[in-house]
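Asks: Dumping the structure here so I can ask a few things about it.
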Amino acid sequence: MTWKVKFCLLFFLALPSFTGYPVNQFSHAIIPGISASLVGYFMIVNLAIPIIMGAQLYALILAGTALISIPIIFGGAGISYFIFLTGLGYASGPSIYSAHYVSLGINMLTVIPLSLSIVAVLPLQTLEYNLLQNQHGVSGAEKIVLMFLRVFNHIVYFVIPNILEVVSEERQRYKPAQARHAIFSKTCFRIQKLKLRALLQTMIQLGVEGICASIQYIPLWAVEIAQLPNRRSDKD
């Protein structure tokens, strides 16, 4: 299956996300705020993507989706619950917030894998190579595209895999420490508190490292791309 066929299939699969049809045409709710059509669309998307992209790439897409969605969903839910505890939110509290964040989670687990799949199927590295090898020079607009492609490819093929590797190593390293605390700690509350603290520290560290790794080579690439020969029409 060529990349063009995969792109067309994924684009067709993504149309309900852009248009809302036919997902929004069925209002039957499984639980308040979550329709059966939304859950059905979520299942169709996550069954179709492994068939189109392959199981190995789908696993990486799910990992990237989790890194994006988990902080947003749980962070938002945590803030909402904190506002409820302070008495500034709705009196009903979590019964009002819960359906919203479950619906948000289903939407993100549908839209983000689709978006990552569409991006992954495009031959961006080939496009970057062809622009660099153009014997007629590179126009100003093409230099902007080259800069975007260089940064994007660096994030997708270098930054994200390194973050996933760090997460895997931290998880393996955290298990023995967690087991020791489970033996010597007197309360389950203390264990959960330590887990939450470690998770927050890891997320902050990964966020900072991801931003720094994404932008560290931008000045070097900007100089390199600016030195590429211009098109003859641009010179004239």
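Asks: Under 5 Å between amide H atoms, partner at least 5 residues away or on a different chain: which partners does V138 have, H built in plane at 1.01 Å?
Replies: N230, R231
Asks: Give the carbon-plus-sulfur fraction of the accessible surface of segment 4-67 in %, rounded to a whole number; probe 1.4 Å, heavy atoms of protein chains only.
Replies: Accessible surface attributable to carbon and sulfur in segment 4-67 totals 75 percent.
Asks: Would you please report the Å³ per residue occupied by the convex hull of the alpha carbon atoms in segment 39-88?
Replies: Spread over its residues, the Cα hull of segment 39-88 gives 74 Å³ apiece.
Asks: Would you kindly derive the ³J(HN,Hα) couplings of segment 129-143 from the backbone phi angles with the Karplus curve 6.51 cos²θ - 1.76 cosθ + 1.60 (θ = phi - 60°), listing them in order in whole Hz, with x for Gly and Pro?
Replies: 4, 5, 5, 5, 8, 5, 6, 8, x, 10, 6, x, 5, 5, 5
The values are calculated or read from the model by the stated rules, or taken from the named source; none is laboratory data. Just so we're clear, the structure is a prediction, and the values are computed from it rather than from any experiment. The area values use the complete protein model at the heavy-atom level, side chains included, leaving out ligands, DNA and RNA. Shrake-Rupley method; radii C 1.70, N 1.55, O 1.52, S 1.80 Å.
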